[in-house]
Structure formats: structure tokens, C-alpha cells
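A quick write-up on the structure given underneath.
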Amino acid sequence: MIRNEIDITPELIAEHGLTPDEYQRILDLIGREPSYTELGIFSAMWNEHCSYKSSKKWLRTLPTKGPRVIIGPGENAGVVDIDDGDVVVFKMESHNHPSFISPYEGAATGVGGILRDVFTMGARPVAALNALRFGAPDNERTRHIVSGVVEGVGGYGNCFGVPTIGGEVNFDARYNDNCLVNAFAAGLAKADGIFLSEAKGVGLPIVYLGSKTGRDGIHGATMASAEFDDDSEEKRPTVQIGDPFSEKLLLEASLELMASGAVIAIQDMGAAGLTCSAVEMGAKGNLGVLLDLDKVPCREDGMSAYEMMLSESQERMLMVLDPAKEEEAAAIFRKWDLDFAVVGKTTDDLRFKVTHHGDLMADLPIKELGDEAPEYDRPWVATPQPAILAPGDVPAPSSIGDTLVQIIGLPDMCSRRWVWEQYDSLVQGNTMTGPGGDAAVIRVNATTKGLAFTLDVTPRYCEADPVEGGKQAVAECWRNLTAVGSEPLAATDNLNFGNPEKPEIMGQLVGCIKGIGEACVALDMPIVSGNVSLYNETKGQAILPTPAIGGVGLLPDISKRVGKSFQTVGETIVLVGERAGHLGQSIYQRDILGKVAGAPPKVDLTAERRNGDFIRKAIRAGKVSAVHDISDGGLLVAVAEMAMGSGVGATLTPSGDLPPHAWAFGEDQACYIVALPSKTAKIFLEEAKTAGVPAKAFGTTGGTELTVEGSAPISLARLVEAHEAWLPTYMAAP
């Protein structure tokens with residue numbers, strides 16, 4: 001007989017994020033009224049964050065397979081082959097709502113959760129990145145949230161001992177009440193050393209590993225699946241509390257345990273804690289699960305079954321263990337001063353049963369808890385196609401040089417040094433290219449191989465035209481990986497949107513996924529893992545559609561990598577790619593002219609592939625000394641960044657067939673700026689022509705100024721001052 005603690009009322013059902021129709025589905029499924037604990041379990045398993053009920057239909061359209069893909073979506077993280085028996089394990093996840101409520105803890109536990117997703121698979125984490133989006137700088141909460149989030153990311157990653165090597169930071173008023181914290185982690189393992197979450201075998205012990213369970217994080221997943229109103233402070237108890245030192249111990253103990261051969265299946269206790277991890281392990285293995293909550297290590301007295309099942313306390317994992325190695329496994333965890341408790345067993349009845357103090361608190365069909373979760377084909381409307389703006393329709397500035405200085409000092413364009421200097425990017429000793437480049441690069445253990453990582457998306461493009469914006473997010477990620485010389489292998493996504501119950505928001509999600517899928521197919525970059533974060537909306541105001549893409553690339557010879565900074569004087573500067581001077585949705589238009597209009601730049605995936613393959617081949621042949629792709633801000637901003645990075649100036653000849661401001665600030669896609677020895681420039685241009693790649697020499701490196709013919713020169717010192725000043729000045733303000 002199921003013990004029910006309290007009466008189930010319509011108000012209680014609504015508080016658990018369940019609609020009347022969903023509650024009726026529960027009644028039909030189990031043939032009776034659920035207990036309070038069971039209601040909590042359904043709430044955890046059927047919320048948007050865990051069940052993807054609004055996005056599953058569309059996620060299935062994404063390409064997830066490829067010759068290097070070993071494990072795609074469905075596990076804790078994706079796994080990709082990087083040759084020689086090595087694999088890279090990676091994923092990106094959001095911790096948006098918690099980071100708005102409690103910036104430090106929300107960001108810190110976001111980092112902790114994504115690291116566990118990686119080492120639960122048997123991989124040692126080797127790199128972390130993050131994509132952060134904050135409200136307008138003049139919003140009263142923005143500075144506080146920036147400070148807390150950056151401190152939380154650095155505090156957890158630094159103490160855990162993983163290098164934080166790259167990411168994004170952007171500001172927009174649309175994130176005023178919903179900041180975005182998307183955390184990425186990657187780890188290394190051997191192909192024959194991957195661990196999965198699928199339970200196998202009947203009557204085997206289910207073991208609780210790690211830290212004790214507390215009352216923090218209860219209803220965290222449900223909170224992450226709802227809009228905010230005026231109650232963010234009331235939701236503070238739903239934010240988890242992290243301990244990076246405990247997580248470091250959990251990492252070492254888990255990897256040692258895996259090496260012992262004791263682990264049959266293992267699952268991180270992330271969203272929905274003990275509930276989700278136990279149900280997923282059993283359901284994947286077509287097994288039942290019996291949990292005895294009296295055995296769960298708790299750090300607070302008097303915790304109820306409901307609280308234990310929904311707690312999202314951090315640094316915990318669940319494992320199915322080889323019973324013959326139970327003592328050996330327990331000794332390993334005792335050595336690392338972590339809890340190790342047998343809390344249940346696998347069964348053959350396909351039921352999820354939970355007991356507490358001798359009472360049966362839950363008895364549910366385990367497969368249906370996941371498989372029968374609602375799946376919605378929500379109504380959606382396509383975003384109207386905006387008009388393409390001709391360059392001549394966009395007003396020109398009075399001074400190209402002064403405008404460049406303005407742009408590189410903008411909140412969205414200035415140096416992020418204030419952020420990344422709070423992160424340890426060198427720990428583990430394998431970082432070859434840290435924050436600030438097109439892509440970060442690490443060495444693979446003690447080999448000559450390298451891995452490149454980047455996170456990319458342009459939300460204003462996605463709002464104007466979701467399909468093109470989705471394509472551009474993947475294409476820019478692919479370009480950034482290519483620009484350091486790596487072969488793009490695969491991607492993870494973090495799809496951040498507003499309320500999917502609104503057809504226009506659902507249309508943004510559908511369009512972006514369509515664009516992402518088209519680009520991933522064309523560029524051979526399958527999606528192997530990811531996360532969807534919906535209901536990022538407060539008082540009816542949604543965030544900008546923000547489908548962040550995290551990419552991984554392989555460098556067979558790390559010594560052949562290049563950076564974006566000019567290396568020496570007297571080199572030729574070449575534009576690779578075709579320029580139309582596209583100013584619709586550009587930084588120039590938004591921040592200099594003060595309006596956003598028109599279509600974003602079209603993404604020609606054939607040109608992206610052709611131009612990028614040519615660039616990568618040239619890098620690996622040692623023909624170029626610096627490469628930087630053109631993105632936010634346009635060509636002149638890209639050249640300025642290359643010059644500021646080394647203190648080597650440049651003299652440029654603008655294109656005569658475009659208005660000067662369109663040539664300077666147009667955000668055309670599939671374009672790269674390349675520096676190479678002048679004596680080989682002619683050969684390079686001939687090779688580009690043979691390959692069908694547009695390429696044109698338009699400048700030389702040298703001096704301490706950036707000079708555009710026909711305009712006054714700009715000193716690099718002035719550019720650097722403008723570029724470096726905004727963020728530290730803003731954060732130092734009272």
C-alpha cells in the first residue's frame with residue numbers, strides 16, 4: 001500500500017508545474033491518485049528541463065551520426081574519436097535560472113554539473129568554456145550578476161583544477177531578467193574505457209557515491225522549466241550549493257573505481273537528482289529499481305522521501321556495481337573521504353519503487369516515467385522574412401577611424417581580459433592557445449595532437465531570421481575551429497529560448513534547429529550532445545533566441561597551429577572570401593546608428609566549406625602566419641584585433657566597389673583575413689584561384705598604426721586603450 005503524506009489538490013498539481021491534462025495522463029497511467037512523493041517524481045521527470053517535451057520532435061531532425069561519432073545524444077555526454085584509440089567526451093548545458101537567482105552558486109554549480117557529465121563517462125576533464133549573456137550595462141542588476149557569475153565560474157573551475165580556456169560574453173537588455181550561463185566541458189579517455197548509464201543485471205547493488213544529500217536544489221529542474229515573475233528571491237532555495245573540492249575527490253575516486261572493473265553503469269545526479277538518475281539507469285536497461293531511502297546519506301535531519309527524491313545537492317553519483325567488488329569499491333571511496341552507500345538494487349519487474357522507514361512511498365512503471373512523458377507538437381509561426389538592406393541604404397559615418405575606435409570599445413566588442421584573468425587557463429599544463437583567440441587549443445596528453453574548442457552564436461541574427469541565424473552559429477563555430485588549423489569534428493548545442501507555448505517563440509526554435517541541421521550536414525559537424533533551456537522569459541519579455549553551438553576540432557600536429565595576431569612586419573594581408581558589405585543586423589547598424597533592421601547576412605554553406613577547407617590546407621602547409629575570421633564588426637574590426645594582439649600595425653587599401661563603411665564594417669560570412677610572407681603571396685593567390693576561392697591582397701603589415709588609404713591613421717595605442725578600458729571600468733564603478 002502506497003503511503004501518501006498529504007492530499008493532492010489542483011493547487012498542488014499546478015505548483016508542481018503539471019497541467020490538468022498532464023495530471024489526467026498520470027491518473028490514466030497508474031490507475032489511481034499518486035502519492036505526494038510520486039507527484040514530485042512525475043513533476044521532476046515530466047518537466048521541460050528533463051523531458052524536452054516541447055523540443056523532442058525537432059531535436060530528432062538534427063544530424064547526430066558521423067564516421068568519428070562513437071556516442072551521440074542520450075548519454076551524459078557525446079563521445080568522438082580523435083585517433084590512436086583516444087576519444088574526446090564533451091557537452092554543454094545551461095544553468096540560467098539559478099544564475100539569475102543566485103549568480104555565484106548558480107554559475108558554480110553549472111560548471112560542476114557539466115564536469116560530472118564528462119567524468120561520469122570515464123573521461124578526465126581537460127577543458128572548460130562558458131557562454132555568458134547579461135542584461136544591459138545600465139540595468140541595476142547587471143553588474144552584480146556579472147560579478148557573481150564570473151566569480152562562480154572561476155571559483156569552481158579553478159578549485160577543481162580544469163583550465164577555463166574560452167567562451168563568450170555579451171550584453172543586451174533582453175537578458176535583463178534572464179541571464180544565460182551555458183557551461184561546456186571536455187574530457188579525454190580511451191575508446192575502450194567509456195562508461196554508460198544503462199543498468200545491466202538483476203539483483204545488483206545500486207550504490208550512492210559522493211557528498212551527502214541536503215535540502216538544496218529541491219524543485220531546481222521544475223524551476224528551470226518555468227517563467228519568472230516577481231518571485232526570483234523566493235526561489236533561492238531551489239539553487240544548489242557547490243563544493244569544487246568535493247567534486248575533485250569524486251573525480252579521482254570515480255576514475256579509480258572505474259579502473260578497478262567494479263562499475264557496471266554510472267549516472268550523474270544532476271537535474272532531479274536521485275529520481276532522474278535512478279529512473280534513467282533502470283529504464284535504459286529494461287530493469288526495475290528498488291530504492292531504500294533509509295540508506296541515503298543525508299546531511300540534514302528529518303528529510304522526507306519527497307525531499308530526498310527531489311534534492312539536487314551537488315557532487316553525487318549513482319552506480320550499479322559488480323557485487324563481487326563491493327568491498328574494494330567501498331575502500332576506494334573511504335580512502336577519498338566520500339560517502340559510499342548501497343541504497344537499492346535492480347529488479348526484473350520494470351517498477352520504480354521507493355521505501356522510507358518501512359513504508360512504500362512510490363511504486364511506478366519505470367519505462368513510462370520517461371517514455372510516456374508528454375511530447376508536444378506545439379503550434380508555431382515562422383518569423384517573417386526581413387528585407388535585405390543594400391549597403392547604400394545604410395548611412396555612412398563621418399569618420400571610419402573614429403567609428404572603429406567606438407566599435408572596439410563597445411560592451412559587446414571590447415576585450416574580455418577582465419573576465420578571463422579570473423580563470424586559471426593554464427592548469428594541467430596543456431593549454432597551447434588560451435582565451436582571446438578564434439578558438440582555444442590544448443595538447444592531447446603528451447602527444448603532438450591538439451584539440452580546438454569554441455562557442456558561438458549571434459542572437460540578433462537568430463531573431464531576425466532564425467534559419468539563417470542557426471546556420472550562422474554553426475558556420476562561425478566551424479570557421480573559428482578552421483582558423484587555428486583544426487579539422488572540425490562535431491558539436492554540442494545549448495538552445496536557449498523563451499516560452500514555447502507562444503507560437504512566435506516556438507517558430508524561433510523550429511527555425512534555428514532547421515538552420516543548425518542544414519549547416520551541420522553541409523559542414524560534416526554532427527550534434528553529439530546538448531541541452532534545451534526554454535521559458536527564459538520574465539513578465540512576458542523573452543530573451544533573444546540564443547542557440548549556442550560548441551565545437552571541437554582536431555589538430556594532428558599541434559605545432560602547425562596559427563593564431564590571429566600579426567607576427568611580423570612586411571607581410572601581405574589577404575582577404576579570403578567574397579565581400580558584399582552586408583550591414584543588415586550588423587554591430588555598426590545596431591550600436592553606431594542605434595537601430596537594428598534588415599536581414600542578417602546570408603550563409604552560403606558551399607562557400608563556407610570551400611573557403612574553410614582551403615584555409616585549413618594552407619595553415620597545415622605552413623603557408624600563412626596568422627588567420628582570423630570576419631564576424632561581429634566586420635573586416636576592419638578583424639584587422640584591428642589582429643594588429644592589437646601583437647602591436648604590429650597595417651596599411652590597407654579599401655575595395656573600390658563598395659561604400660567605405662560597408663567595406664569596413666559589413667559582416668559578410670565565409671570570409672577570413674590572412675597574413676603571409678609577401679614573397680609567397682602571389683603563389684597563394686594563384687592557388688586560391690585554382691581552388692575557386694575568392695582571394696585578394698589588400699594590405700601589408702608594419703608600423704604602429706592602422707591606416708586605411710584615404711583616411712587618417714589610427715594609432716594602435718589608441719585602439720588598445722579603447723578596447724581594454726570598458727569592462728574593467730564598468731566593473732570598478734560603485
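The values are calculated or read from the model by the stated rules, or taken from the named source; none is laboratory data. Just so it is clear, the model here is predicted, and its values are computed rather than measured. So basically every Cβ, Gly included, is an ideal-geometry build from the backbone, and we count neighbours across all protein chains shown. All accessible areas refer to the heavy atoms of the entire protein, side chains included, with ligands and DNA or RNA removed. Shrake-Rupley method; radii C 1.70, N 1.55, O 1.52, S 1.80 Å.
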**Prompt:** For the subset of the stretch 3-53 comprising residues that are of a type in the set (A, V, I, L, M) and open to solvent by 40 Å² or more (accessible area, probe 1.4 Å), which member is modelled with the lowest pLDDT?
**Reply:** I6
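Yes/no per residue for (1) part of a loop (DSSP other than H, G, I, E, B); (2) of a type in the set (A, V, I, L, M); (3) out of contact with any helix residue (DSSP H, G or I) (no Cβ under 7 Å at 6 or more places or on another chain):
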| position | (1), (2), (3) |
| --- | --- |
| V569 | yes, yes, yes |
| G584 | yes, no, yes |
| Y588 | no, no, no |
| T606 | no, no, yes |
| K623 | yes, no, no |
**Message:** I'd like to check something: does the stretch 92-102 contain any residue that is out of contact with any helix residue (DSSP H, G or I) (no Cβ under 6 Å at 6 or more places or on another chain), under 30 Å from L555 (Cα atoms), open to solvent by 30 Å² or more (accessible area, probe 1.4 Å) and hydrophobic (A, V, I, L, M, F, W, C)?
**Reply:** no
**Prompt:** Hey, among the residues in the stretch 650-671 that are open to solvent by less than 10 Å² (accessible area, probe 1.4 Å) and touching a helix residue (DSSP H, G or I) at 6+ places or on another chain (Cβ under 6 Å), which one's nearest to A717 (Cα to Cα)?
**Reply:** A650
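Working only within the stretch 128-143, note down all residues that are of a type in the set (A, V, I, L, M, F, W, C) and either assigned to a strand (DSSP E or B) or closer than 30 Å to I442 by Cα (or both). Give the steps one after another, and end with the answer.
Here is the first cut: in the stretch 128-143, the residues of a type in the set (A, V, I, L, M, F, W, C) are 128-129, 131-132, 134, 136.
Across the stretch 128-143, the qualifying residues are A128, L129, A131, L132, F134.
Here is a list: A185, A173, A199. Which entry is touching a residue at least 60 places away in the same chain (Cβ under 8 Å) and either under 21 Å from the mean Cα position of the chain (by Cα) or over 29 Å from V528 (Cα atoms) (or both)?
Only one candidate qualifies: A185.
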**Prompt:** Given the conditions (1) in a strand (DSSP E or B); (2) open to solvent by 30 Å² or more (accessible area, probe 1.4 Å); (3) in contact with a helix residue (DSSP H, G or I) (Cβ under 9 Å, 6 or more places away or on another chain), and given that T383 satisfies all but one, which numbered condition is not satisfied?
**Reply:** (1)
**Request:** Give me the pairs, please: first residue somewhere in the stretch 259-273 and closer than 25 Å to V111 by Cα and modelled with pLDDT under 90, second residue anywhere and of a type in the set (D, E, K, R) and part of a loop (DSSP other than H, G, I, E, B), beta-carbon distance under 9 Å, and either six or more positions apart or on two chains.
**Result:** M269/E312; M269/E315; G270/E312; A271/E312; A272/E312; G273/E312
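Would you check which residues across the stretch 710-734 are modelled with pLDDT under 95 and either in contact with a Ser or Thr (Cβ under 8 Å, 6 or more places away or on another chain) or open to solvent by 50 Å² or more (accessible area, probe 1.4 Å) (or both) and list them? Lay out the reasoning, then the answer.
Step one: of the stretch 710-734, the residues modelled with pLDDT under 95 are 710-712, 733-734.
Across the stretch 710-734, the qualifying residues are G710, S711, A712, P734.
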**Request:** Could you tell me whether the stretch 23-36 includes any residue that is out of contact with any helix residue (DSSP H, G or I) (no Cβ under 7 Å at 6 or more places or on another chain), aliphatic (A, V, I, L, M), closer than 23 Å to L291 by Cβ and in a helix (DSSP H, G or I)?
**Result:** yes
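Evaluate the following for G666: is it farther than 28 Å from L583 by Cα and modelled with pLDDT of 95 or more?
No, not satisfied.
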**Asked** Any chance the stretch 400-420 includes a residue that's modelled with pLDDT of 95 or more, part of a loop (DSSP other than H, G, I, E, B) and open to solvent by 60 Å² or more (accessible area, probe 1.4 Å)?
**Response** no
**Request:** Collect the residues in the stretch 543-574 that are closer than 23 Å to Y461 by Cα and either among the acidic types (D, E) or open to solvent by 10 Å² or more (accessible area, probe 1.4 Å) (or both), keeping them in residue-number order.
**Result:** L544
**Message:** Checking E578 against (1) more than 26 Å from Y461 (Cβ to Cβ); (2) modelled with pLDDT of 95 or more; (3) open to solvent by 10 Å² or more (accessible area, probe 1.4 Å): exactly one of these is not met. Which one?
**Reply:** (1)
**Request:** Would you mention how many residues in the stretch 436-465 are open to solvent by less than 20 Å² (accessible area, probe 1.4 Å), part of a strand (DSSP E or B) and among the charged types (D, E, K, R)?
**Result:** 1
**Item:** Any chance E421 is over 20 Å from the mean Cα position of the chain (by Cα) and closer than 28 Å to A722 by Cβ
**Value:** yes
